[in-house]
1. For segment 310-326, indicate whether the set of residues that are under 30 Å from residue 486 (Cα atoms) and surrounded by 18 or more Cβ atoms within 10 Å (Cβ to Cβ) is non-empty.
2. Determine the pairs where a residue that is within 10 Å of residue 583 (Cα to Cα), located within segment 637-650, has a partner that is among the β-branched types (Val, Ile, Thr) and in a strand (DSSP E or B) with Cβ atoms under 7 Å apart, the partner being 6 or more residues away or on another chain.
3. Residue by residue through segment 192-229, note down the ones that are out of contact with any Phe, Trp or Tyr (no Cβ under 6 Å at 6 or more places or on another chain), closer than 21 Å to residue 570 by Cβ and either among the aliphatic types (A, V, I, L, M) or in a helix (DSSP H, G or I) (or both).
4. Where in segment 578-692 are there strands (runs of 3 or more DSSP E), lying fully within it, with 3 or more residues that are farther than 26 Å from residue 407 by Cα and at pLDDT 95 or above?
5. Taking the condition of a type in the set (A, V, I, L, M, F, W, C), at pLDDT below 95 and either within 19 Å of the chain's Cα centre (by Cα) or assigned to a loop (DSSP other than H, G, I, E, B) (or both), does residue 337 pass?
6. Looking at 412, 473 in this structure, which one is free of Cβ contacts under 8 Å to residues at least 40 places away in the same chain and farther than 25 Å from residue 336 by Cα?
7. For segment 554-574, give me the residue count where each residue is crowded, with 22+ Cβ neighbours inside 10 Å and among the hydroxyl-bearing types (Ser, Thr, Tyr).
8. Give, as residue ranges, the helices (runs of 4 or more DSSP H) completely inside segment 433-524 that count at least 3 residues that are modelled with pLDDT of 95 or more and not assigned by TED's automatic domain parsing to the domain that holds residue 116.
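The values are calculated or read from the model by the stated rules, or taken from the named source; none is laboratory data. Predicted model only: the values in this text are computed from it and were never measured. Virtual Cβ from ideal backbone geometry, glycine too; neighbours counted across all protein chains shown.
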Amino acid sequence: MGEQIRWIKTHCARMDHGGCGLLIGVQDNKIVQVKGNPKGYLNRGYTCFKGRVSADRLSHPDRLRHPLMRAGKRGEGKWKRVSWEEALDECAANMLSIKAKYGARAFAFGVGMPKGLEHLVMIRLANTFGSPNVVASQDVCHAPREVSGMHTCGFYPVADLHNPTSLIMSWASNVLSTNEEGQIAGNTLQQLKNGTRLIVVDPRRTELATKADLWLQLRPGTAQALALGFLNVIIEESLYDKDFVARYTYGFEELAFHVKQYDPETVSRITWVPAQLIREAARLYAVAKPAALQWGNAIEHDINVFDATRTLLCLMAVTGNLEVPGGNINAHDPNIMGIGEFVRADLMPNKRKEMIGAYHGTIPRMMTVPPSYFRQAVLEGSPYPVRGYYGICTNPMVAWADSQATYEAFMKLDFVAMAEIFMTPTAALADIIFPIAHQYEINDIGHYGIGHGMILARPKVVEPPEECWPDIKIMNELGRRVSSPENWHDDYEDFLEDLLRPSGLSYSEFADKGYLKGPDRFREYEEKGFRTPTGKVELKLSTAEKFKLKPLPEYVALPEEDNPDYPLILISAKSRYYLVSSYRWVEKLRRKQPDPVVEIHSETAAVYGISEGDRVLIETGHGEIVQMARITDIVHPRVISASLGWWFPEGDASQQYEWKKSNYNMLTSMNKLGKEFGTPNIKNIPCRIRKG
């Protein structure tokens, strides 16, 4: 007889942003069931379908189980199995060769969307190696909200849905389908059940929008105009928090004068939202005490992201909803090792000046390299040559804007190493592939450095295949080969103990506890002010001239000009069954959404002679792809919403798994970038369609 089922407490990872507490049933080193933990801090027993089938990732027959070295031409799909020693030595030799010839900065380290320690260990590897260049998707994910918050009020304002709130304004955030960092659908639903009112701002009539008191279906690409219209109403009608504004904000008079031009009628013409609805929503948000603004990733998807984030920060501030329970809070970390110490930031004191983004004038405190600037460095040698790349948790060929440019850049690199669980279009272009142990096969800590004031225990629940290593172990071994071994551990798991040491807990004690949360501290500004140069919330940036930033947020123009040849507007929405480009190969998920679909309004479909399930050719000025039609009225007649992250694991390895066919980022470009974060237009793009 086999052993009895053991239930192990952990947290979800790499399936979504949320971090749900899970109970994993294990029998004979196999996961037999995954369910939500009723005591989970974030989810209280909830978990999504992705989470419940997440163990299927581990047992797939095509999983990578041995280190591989390229045997043919790059991208040809020919490999030879090698030992770990060979793979690590080959990678280290190439890293050191590039460093000797071009300098350490010519080797870049890439990371996508992890939620464990691997991101921080990768930064440590870059710092110990001497490279300032960690390439990440932060230009379109999280950093604009976080860094704009740092400059405006000294912290990243997180919607506090753990305390009662009078109103949630969900702005481009759809927690009933895909979660933001640390924000789970269950918290929102419980608030609504308790009588909290809801405003949803979204171009799509999402499931959340159907539950809202008010739904504002704005024109894609006009978020900042709508928020400026809100500010106009709130200030003109004297609905702002006068005491907070007078005592704790800088530049209010200038902002008040500036927003006079954004009256609801003017803003309505820009955004397509009726003027009266703008007034009603602004009033509802302003008078609710407290109100939480749950801002989503989609506001970070065009070149005007800095204006969008800044206007929303100004809204939180003038209504007095910063640092109050049930508003937008400064989430304090528990007593753990600081990030700077963990990543050995002391070894790279000039990183800010040396990283690729610095030469393009990206905003201070943006400490990763936007992918567009990385590819310019590879393809053009500007601002200096970049010749090597090591990537984890990432699939740039599909995930980055302008996939054609990504392909050209990866083909031009002297050396590419990837750590993966499964062969992807990007891994198919590598010289070395490291097979990784996945979430349930490693001891890990989640949500470190994410800015939500908590860390989550993710203890190992089953043993990995013999030759599948944790990302952290791989980088620890590489670090010992390419930098001073004293910066690395004999046992890579000591990184877990390092991080926890200030808390007084060992990793096993932390795993028993489940999570650590920092202290709730509200209204600290009453004693300490805000951590900005003026000590106040900077509605007008005092550092604008110094850093060449806009002092006040504004609406100037659409991210892309209207074009009669491309009469529709292209957006995208993440699928609840996938994580961007991940897991198309998990059968239970693929059955839920077998094909890439494009949402088209019924009126628009009729004009183009398109029916449900038809092949649709989508074209922008940058490229063309094919997806399947879904006829619906959740989008505006002038808007189509295409699927993101598509490639076909069942396709031809030598063609990188049909990465061009339905890949949304064949339609985007890196030619036009926002100055502050290097953000391209990955939404809100003029397009046209025809039946395929």
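1. Filtering segment 310-326 for residues under 30 Å from residue 486 (Cα atoms) gives none.
No.
2. none
3. Initially, segment 192-229 is screened for residues out of contact with any Phe, Trp or Tyr (no Cβ under 6 Å at 6 or more places or on another chain), giving 192-199, 202-208, 210-218, 220-223, 226-227.
Of the ones still in play, those that are also closer than 21 Å to residue 570 by Cβ are 202-206, 216-218, 220-223, 226.
Those that are out of contact with any Phe, Trp or Tyr (no Cβ under 6 Å at 6 or more places or on another chain), closer than 21 Å to residue 570 by Cβ and either among the aliphatic types (A, V, I, L, M) or in a helix (DSSP H, G or I) (or both): 216, 218, 223, 226.
4. Working: elements: 597-601, 615-619, 624-632, 639-643, 685-691.
The qualifying strands (runs of 3 or more DSSP E) are 597-601, 624-632.
5. Details: of a type in the set (A, V, I, L, M, F, W, C): yes; at pLDDT below 95: no; either within 19 Å of the chain's Cα centre (by Cα) or assigned to a loop (DSSP other than H, G, I, E, B) (or both): yes.
Taking the combined requirement at face value, the residue does not satisfy it.
6. On the way: 473 fails: farther than 25 Å from residue 336 by Cα.
Of 412, 473, the one residue that is free of Cβ contacts under 8 Å to residues at least 40 places away in the same chain and farther than 25 Å from residue 336 by Cα is 412.
7. Adding up the residues that qualify gives 2.
8. Working: elements: 471-482, 494-500, 507-513.
Result: 507-513.
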